[in-house]
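Below: one structure, written as structure tokens.
The values are calculated or read from the model by the stated rules, or taken from the named source; none is laboratory data. The structure displayed is predicted, hence computed values, not measured ones. Cβ coordinates were reconstructed from backbone atoms using ideal geometry, including for glycine residues, and neighbour counts include every protein chain displayed.
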Amino acid sequence: MKKILVPVDFSNYSEYALEVAASFAKKHDAEIILLHMLGLSQAVLTKNEDEEVAEAIYYMKLAEKRFNILGTRISLEGLTVSEIVQNYKDFNEINEVVKDQGADLIVMGSHGSSGISEIFVGSNTEKVVRTSEVPVLVIKEHLSDFTIHKVVFACDFKTENILVYRKAMQFFERIGAAVDLVYVNVPGTSFRSTTQIQEQAEEFLSIADFDATIHPNEVVYLNGYSIEQAIFDYAKKIQADALAIPTHGRKGLAHFFNGSIGEDLANHSKLPVFTFKI
């Protein structure tokens with residue numbers, strides 16, 4: 001891992017994200033890129049040239065001052081940190097910064113479980129998750145000295161997840177994290193027998209696991225009344241450090257595992273959540 005992109009709006013949540021990114025960067029010898037989006041309105045940009053320049057300079061200096069304050073609140077000693085201030089108004093554009101800067105990971109702060117509509121659905125975080133070509137790590141709480149030893153990766157073993165599964169396994173191997181691959185069986189129309197699940201998992205892994213990262217007999221099969229609660233309970237049981245889920249670029253997290261399962265996982269989990277775009 002070479003570069004970590006951290007979008008900051010100078011809120012507490014972006015501080016949580018930067019703190020995690022700094023811990024991550026120190027452990028993996030990576031650089032940090034701080035991105036602040038000014039989001040200046042069209043009204044500002046349509047003023048006469050002198051006024052426009054003066055106002056742009058003001059906002060740039062304000063952002064610089066806030067960056068300096070942020071640096072005093074979080075230990076960035078020994079790290080290479082660069083700052084980018086752009087007048088992006090659409091968070092979809094962050095993926096362009098990822099490409100331009102060669103970032104390997106986005107670490108982004110998000111609100112806690114205060115409601116679905118405030119976090120991923122229609123939010124800036126969801127826009128980043130939907131468009132990012134690199135993994136996104138969503139942070140919602142203060143975490144000191146963040147280290148990843150165990151990750152719970154939820155998968156339904158559909159063929160559309162093969163490439164994202166490979167991407168995730170390669171990523172976690174690079175950072176030295178052990179992965180528990182989990183499938184949750186719930187009552188209802190999606191219920192499958194043990195034989196059906198195991199056969200699908202074996203077929204999936206025979207295609208996806210070209211270097212046998214995880215063997216079929218290592219898959220964890222859980223039963224529960226809800227997928228998200230079964231995953232939370234299992235993550236708590238094994239003391240996992242993070243969850244990981246695939247997400248569709250166009251449809252968003254709400255279409256993972258049918259309904260709003262992925263969305264609920266990301267919204268209600270107190271653990272950090274890695275997302276990988278299908």
**Prompt:** Restricted to the stretch 143-176, and to residues that are among the small types (G, A, S) and not in a helix (DSSP H, G or I), which residue is nearest to F276 (Cα to Cα)?
**Reply:** A154
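Over 25 Å from I148 (Cβ atoms), of a type in the set (V, I, T), modelled with pLDDT of 85 or more and out of contact with any Phe, Trp or Tyr (no Cβ under 7 Å at 6 or more places or on another chain): is that true of I231 in this structure?
Working: over 25 Å from I148 (Cβ atoms): no; of a type in the set (V, I, T): yes; modelled with pLDDT of 85 or more: yes; out of contact with any Phe, Trp or Tyr (no Cβ under 7 Å at 6 or more places or on another chain): yes.
Here the answer is no, as I231 does not meet what is asked.
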**Request:** Check whether at least one residue in the stretch 95-104 is modelled with pLDDT under 90, surrounded by fewer than 21 Cβ atoms within 10 Å (Cβ to Cβ) and either acidic (D, E) or closer than 26 Å to N185 by Cα (or both), and report yes or no.
**Result:** yes
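Which ones in the stretch 57-69 are closer than 18 Å to S14 by Cα and either touching a strand residue (DSSP E or B) at 6+ places or on another chain (Cβ under 8 Å) or modelled with pLDDT of 85 or more (or both)? Before the answer, list the steps.
Step one: of the stretch 57-69, the residues closer than 18 Å to S14 by Cα are 62-69.
Selection gives A63, E64, R66, F67.
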**Request:** Could you tell me whether the stretch 240-257 includes any residue that is modelled with pLDDT of 85 or more, surrounded by fewer than 19 Cβ atoms within 10 Å (Cβ to Cβ) and either assigned by TED's automatic domain parsing to the domain that holds N161 or not aromatic (F, W, Y) (or both)?
**Result:** yes
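For the stretch 177-205, how many residues are part of a loop (DSSP other than H, G, I, E, B) and farther than 19 Å from H215 by Cα? Even if it seems obvious, please write down each step before you answer.
First, the residues of the stretch 177-205 that are part of a loop (DSSP other than H, G, I, E, B): 177, 186-193.
Retained after the next criterion (residues that are farther than 19 Å from H215 by Cα): 186-193.
Selection size over the stretch 177-205: 8.
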**Top-ranked residue of the stretch 70-94 - restricted to ones that are at pLDDT 85 or above and in a strand (DSSP E or B), ranked as surrounded by the most Cβ atoms within 10 Å (Cβ to Cβ)** = V81
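Looking only at the stretch 14-52, filter to residues that are among the small types (G, A, S) and either touching a helix residue (DSSP H, G or I) at 6+ places or on another chain (Cβ under 6 Å) or in a helix (DSSP H, G or I) (or both); which one of those is modelled with the lowest pLDDT? Before you say what the answer is, go through the steps one by one.
Here is the first cut: in the stretch 14-52, the residues among the small types (G, A, S) are 14, 17, 21-23, 25, 30, 39, 41, 43.
Retained after the next criterion (residues that are either touching a helix residue (DSSP H, G or I) at 6+ places or on another chain (Cβ under 6 Å) or in a helix (DSSP H, G or I) (or both)): 14, 17, 21-23, 25, 43.
Numbers: S14: 84, A17: 89, A21: 92, A22: 90, S23: 90, A25: 91, A43: 47.
Among those that are among the small types (G, A, S) and either touching a helix residue (DSSP H, G or I) at 6+ places or on another chain (Cβ under 6 Å) or in a helix (DSSP H, G or I) (or both), it is A43.
Give F191, F171 a once-over and let me know the one that is surrounded by fewer than 16 Cβ atoms within 10 Å (Cβ to Cβ) and either touching a Leu at 6+ places or on another chain (Cβ under 7 Å) or among the hydrophobic types (A, V, I, L, M, F, W, C) (or both). Break it down into steps so the answer makes sense when it comes.
Values: F171 fails: surrounded by fewer than 16 Cβ atoms within 10 Å (Cβ to Cβ).
Residue meeting the stated conditions: F191.
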